[in-house]
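To keep things clear, I will list the structure first and then write my remarks on it.
The values are calculated or read from the model by the stated rules, or taken from the named source; none is laboratory data. Predicted, not measured: the structure shown is a model, and the values here were computed from it. Because the Cβ atoms are built from the backbone with ideal geometry, glycine has one as well, and the counts that use them run over all protein chains shown.
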Amino acid sequence: MSGRGRHQGRRNNSKTLSSVARETVLSLPADSPVLKLFKSAANKLNERQDRHERLVKLSRDITIESKRIIFLLHTAITKESTEKVLKEANERLHKLINGPLSSIGLELENCPAYLHSRAVTAGFQEFIEARTLFSFMESKSIVTWVDVQKELTYVVNEEETDRTVVTMLPQVDYMLGLADLTGELMRRAINSISSGESEECFDSCQAVRVLYTGYLVESAMYALRVRGGEAPPTLLLVEKPEYDHHDASDDEGFFQSNKC
């Protein structure tokens, strides 16, 4: 036989890894513990993937509705129209909280929330942007993370028993949504100038300044925490106040003189 024929026969007799695995699986009995283990792992992975897809859809719905609420809030140009717009935005925010956001809490009730954080982060950030803009226009203050987390806490009644379900809002998503708020405040300041509402412009400008200062402090503290070990030890020492600098020998002499 020629060399070419020998090599061709060798290739025909060789088996690939997939073919060996297929033959091994077919040879296993139906009640094999190994087969049950792999089937269980496959079911868990499929369930996780299905949950991920549902969360992505919920996040997309939250993002779309939050953008519409932001657009609605920007239509409040005059003081007369602001009250009507805030009322409608409040109703739509509550529907968002009691709808897709509560569904996220139910989906993640019995699994680690951070496992699917990438699936819902976009929706959370856009919701925070709409929620904080609404609170600023309503009361000239920005709703805190603690207050938003309370709004995302639900009581579910099933079979005459109540249980608490929490849609966990990561603080990172709150901070990122708060950072996006600055752009909406700038847009509101420009719109208020065009409508002659100069007071609203100054309020928005001051809010942006406060946020900018807060993020600067946060960045500085982060650098100190992460790279503080590289700084000279004397730079991190806290000086004692002036009233704490006293001579202990005076007290000792005083007490000694009383004893004599």
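Before moving on, here are some points about what is shown:
- Across the stretch 190-201, the number of residues qualifying as surrounded by 14 or more Cβ atoms within 10 Å (Cβ to Cβ) and within 17 Å of Leu133 (Cα to Cα) comes to 4.
- Within the stretch 62-83, being of a type in the set (Asp, Glu) and closer than 14 Å to Ile128 by Cα holds for one residue alone: Glu65.
- Matching residues in the stretch 144-189 - criterion: being at pLDDT 95 or above, among the β-branched types (Val, Ile, Thr) and crowded, with 17+ Cβ neighbours inside 10 Å: Val148
One line per residue, one yes/no per condition, for (1) in a loop (DSSP other than H, G, I, E, B); (2) aliphatic (A, V, I, L, M):
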position: Val165; (1), (2): no, yes
position: Met168; (1), (2): yes, yes
position: Tyr174; (1), (2): no, no
position: Leu178; (1), (2): no, yes
position: Leu181; (1), (2): no, yes
position: Arg188; (1), (2): no, no
position: Gly196; (1), (2): yes, no
position: Glu199; (1), (2): no, no
position: Asp203; (1), (2): no, no
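- Scanning the stretch 76-89 for residues that are of a type in the set (Ser, Thr, Tyr) and either surrounded by 13 or more Cβ atoms within 10 Å (Cβ to Cβ) or touching a strand residue (DSSP E or B) at 6+ places or on another chain (Cβ under 6 Å) (or both) turns up just one, Thr82.
- Against the criterion of being touching a Leu at 6+ places or on another chain (Cβ under 7 Å), of a type in the set (Val, Ile, Thr), surrounded by 12 or more Cβ atoms within 10 Å (Cβ to Cβ) and outside any loop (DSSP other than H, G, I, E, B), Thr121 does not qualify.
Yes/no matrix, rows are residues, columns are (1) under 18 Å from the mean Cα position of the chain (by Cα); (2) at pLDDT 95 or above; (3) of a type in the set (A, V, I, L, M); (4) surrounded by fewer than 16 Cβ atoms within 10 Å (Cβ to Cβ):
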| site | (1), (2), (3), (4) |
| --- | --- |
| Lys44 | no, no, no, yes |
| Arg51 | no, no, no, no |
| Ile64 | yes, yes, yes, yes |
| Leu108 | yes, no, yes, no |
| Ala113 | yes, no, yes, no |
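Here is a yes/no grid of residues against (1) within 23 Å of Arg163 (Cα to Cα); (2) of a type in the set (Lys, Arg):
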{"residue": "Glu83", "(1), (2)": "no, no"}
{"residue": "Leu108", "(1), (2)": "yes, no"}
{"residue": "Ala122", "(1), (2)": "no, no"}
{"residue": "Arg131", "(1), (2)": "no, yes"}
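- Qualifying position, being within 28 Å of Ala76 (Cα to Cα), modelled with pLDDT under 85 and not basic (Lys, Arg), among Glu239, Glu197: Glu197
- Residue satisfying condition, being touching an Asp or Glu at 6+ places or on another chain (Cβ under 8 Å) and assigned to a helix (DSSP H, G or I), within set Leu101, Leu55, Leu37, Leu106: Leu55
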